[in-house]
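Written below as structure tokens is the structure these notes are about.
The values are calculated or read from the model by the stated rules, or taken from the named source; none is laboratory data. Everything quoted here is computed from the prediction, not taken from an experiment. Don't worry about glycine lacking a Cβ; one is built from the backbone with ideal geometry, like all the others, and counts go over all protein chains shown.
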Ligand code: HEM
């Protein structure tokens, strides 16, 4: 399927780089900063040369992004069937996050019911229990202790995804499993940085590390899957649901390998993103004391010192708005990419078959035509009474179109609950003298970590 080419398509500004390496060096050093800078210099659509004759067309306008992700969804797809697949395919195999077209559709249709709001709500206690375990760990620390917040948030979200997936406690194994996931993500990051690298099958030190991490993860995941298949007990968790899922047309379930790929996907996609959302929220709050004070006032008034549960979430709208504003200014997934499977038009621009299109979520969320004071952290924008003013195309932390995040309800509920639990008991101050640098791997991480002083709140109301 192709779209008609406009009579006189407009030229897309082209950012040429050095011979052979193109703009790879600047891109590798700071891709988020580069995409932001070029957007401000050259506008809402531009094409940037990467290595050799490879280039990326980067879209920063909400309406063009919507057109790309919704209206042109049949043409602009994940590059799932070119050699090597997507960046995540080596780690995850073929799953709902690494495929497109028919394969993806069948899988998504099987998995959608698992993420229904009511099912996620039933996981509320598991989420709260993970939060309580984190608070119990922190209580053993002296007041004002320094923590690496991004690691702490990863620990709690990994604990929660494990509890909701396997109904088991991962803490005894968390270092091994967490490290394996990390090696996988770093491997992906290395591919982003340096697309001209040796094939995955060559025994380079980096590839060997990756194979070992993948083997360790596989061992853990297959063990959990086989044990569950062999047991008659139903736990009602994500793993049970994946094993029970059937294709609507054929009635067929998934093989162990297919389940493994989906479990690895939910594991990977389902914890680092939420951990980053919370890490950046605390960063924003540390820079905006007034926003923190209002958040604490809401939590204290509603909860009166008792621990929050899922039933409290509707009474904590500013807590949710704080998280949503953080997802705007610090989107955990700042960028996504698609490939043109046929020639197409986007707005007044024509793109050839084979073009790579990048959706700059991080720019869209700061577009001055759509956001007042785009760089300011203002949670009130997301309060129920103000939401109608938000243009839906300009806020896509979970993307839009068919690939909209399947775990968005899960992530918002988990983040909402954990933010309330933390804000009730702690305040955080950024340890002075550190550099906070946004690094884009697939997610947006603080490159050198985020060190925070953890201060117990003194004036919290008692239950
Ligand atoms: C704040 C947290 C999260 C953010 C910002 C986020 C963001 C995203 C984005 C932007 C995509 C689209 C990727 C693309 O097509 O290019 C996506 C897809 C996906 N996410 Fe999330 N996500 C979050 C949490 C979660 C959670 C908690 C889970 C699972 C429990 C999850 C599972 C998935 C899956 C399976 C997909 C693939 C959906 C498809 O293609 O059909 N995510 N997410």
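Considering only the range 229-256, state which residues are assigned to a helix (DSSP H, G or I) and in contact (Cβ under 8 Å) with a residue 24 or more places away in the chain. Lay out the reasoning, then the answer.
Within the range 229-256, the subset assigned to a helix (DSSP H, G or I) is 229-230, 238-244, 256.
Within the range 229-256, 229, 238, 239, 241, 242, 256 meet the criteria.
Considering (1) modelled with pLDDT of 95 or more; (2) within 24 Å of residue 318 (Cβ to Cβ), say which one residue 463 fails and leave the rest.
(1)
Condition first: out of contact with any helix residue (DSSP H, G or I) (no Cβ under 8 Å at 6 or more places or on another chain), crowded, with 20+ Cβ neighbours inside 10 Å, at pLDDT below 90 and part of a helix (DSSP H, G or I). Can you find one or more residues in the range 62-78 that meet it?
No, the range 62-78 contains no residue that is out of contact with any helix residue (DSSP H, G or I) (no Cβ under 8 Å at 6 or more places or on another chain), crowded, with 20+ Cβ neighbours inside 10 Å, at pLDDT below 90 and part of a helix (DSSP H, G or I).
Within 11 Å of the ligand (Cβ to nearest atom), surrounded by fewer than 19 Cβ atoms within 10 Å (Cβ to Cβ) and in a loop (DSSP other than H, G, I, E, B) - does that describe any residue in the range 93-101?
At the first step, the residues of the range 93-101 found to be within 11 Å of the ligand (Cβ to nearest atom) are 95-100.
Add one more test, that the residue is surrounded by fewer than 19 Cβ atoms within 10 Å (Cβ to Cβ), and what stays is none.
No: the range 93-101 contains no residue that is within 11 Å of the ligand (Cβ to nearest atom), surrounded by fewer than 19 Cβ atoms within 10 Å (Cβ to Cβ) and in a loop (DSSP other than H, G, I, E, B).
Residue under question is residue 323, and the condition is that it be outside any loop (DSSP other than H, G, I, E, B) and either closer than 22 Å to residue 71 by Cα or under 17 Å from the mean Cα position of the chain (by Cα) (or both); does it hold?
Working: outside any loop (DSSP other than H, G, I, E, B): yes; either closer than 22 Å to residue 71 by Cα or under 17 Å from the mean Cα position of the chain (by Cα) (or both): yes.
Yes.
Has the range 251-258 got at least one residue that is within 16 Å of the ligand (Cβ to nearest atom) and under 13 Å from residue 95 (Cβ atoms)?
To start, the set of residues in the range 251-258 that are within 16 Å of the ligand (Cβ to nearest atom) comprises 254, 258.
Now drop any that are not under 13 Å from residue 95 (Cβ atoms), which leaves 254, 258.
Yes, there is a match, as at least one residue in the range 251-258 is within 16 Å of the ligand (Cβ to nearest atom) and under 13 Å from residue 95 (Cβ atoms).
Filter the range 259-281 for residues that are out of contact with any helix residue (DSSP H, G or I) (no Cβ under 8 Å at 6 or more places or on another chain) and farther than 14 Å from residue 411 by Cβ and give the result.
Filtering the range 259-281 down to residues out of contact with any helix residue (DSSP H, G or I) (no Cβ under 8 Å at 6 or more places or on another chain) leaves 269.
Those that are out of contact with any helix residue (DSSP H, G or I) (no Cβ under 8 Å at 6 or more places or on another chain) and farther than 14 Å from residue 411 by Cβ: none in the range 259-281.
I need the full set of residues from the range 2-52 which are modelled with pLDDT under 90, closer than 24 Å to residue 74 by Cα and in contact with a strand residue (DSSP E or B) (Cβ under 9 Å, 6 or more places away or on another chain), in order please.
2, 3, 4, 5, 6, 9
Do any residues in the range 102-122 that are farther than 22 Å from residue 167 by Cβ and part of a helix (DSSP H, G or I) have Cβ atoms under 6 Å from those of residues that are at pLDDT 90 or above and within 11 Å of the ligand (Cβ to nearest atom), where the two are at least six apart or on different chains, and which pairs are they?
107/96; 108/96
Would you tally the residues in the range 49-61 being farther than 15 Å from residue 363 by Cβ and in a loop (DSSP other than H, G, I, E, B)? Talk me through it step by step, then tell me what you get.
Filtering the range 49-61 for residues farther than 15 Å from residue 363 by Cβ gives 49-55.
Within this subset, residues satisfying the condition of being in a loop (DSSP other than H, G, I, E, B) are 50-54.
The qualifying residues number 5.
Hey, any hits in the range 416-436 for a residue that's within 30 Å of residue 76 (Cβ to Cβ) and surrounded by fewer than 20 Cβ atoms within 10 Å (Cβ to Cβ)?
Of the residues in the range 416-436, the ones within 30 Å of residue 76 (Cβ to Cβ) are none.
No, the conditions are met nowhere in the range 416-436.
Any chance the range 370-389 includes a residue that's within 18 Å of the chain's Cα centre (by Cα), over 23 Å from residue 275 (Cβ atoms) and either crowded, with 16+ Cβ neighbours inside 10 Å or at pLDDT 95 or above (or both)?
No.
Kindly evaluate residue 304 against the criterion of being farther than 25 Å from residue 158 by Cα, in contact (Cβ under 8 Å) with a residue 24 or more places away in the chain and either within 16 Å of the ligand (Cβ to nearest atom) or out of contact with any helix residue (DSSP H, G or I) (no Cβ under 8 Å at 6 or more places or on another chain) (or both).
Values: farther than 25 Å from residue 158 by Cα: yes; in contact (Cβ under 8 Å) with a residue 24 or more places away in the chain: yes; either within 16 Å of the ligand (Cβ to nearest atom) or out of contact with any helix residue (DSSP H, G or I) (no Cβ under 8 Å at 6 or more places or on another chain) (or both): yes.
Yes: the conditions hold for residue 304.
Of the residues that make up the range 285-307, is at least one outside any helix (DSSP H, G or I) and within 18 Å of residue 160 (Cα to Cα)? First the steps, then the outcome.
Filtering the range 285-307 down to residues outside any helix (DSSP H, G or I) leaves 288, 304-307.
Cutting the leftovers down to within 18 Å of residue 160 (Cα to Cα) gives us 307.
The answer is yes, given that some residue of the range 285-307 is outside any helix (DSSP H, G or I) and within 18 Å of residue 160 (Cα to Cα).
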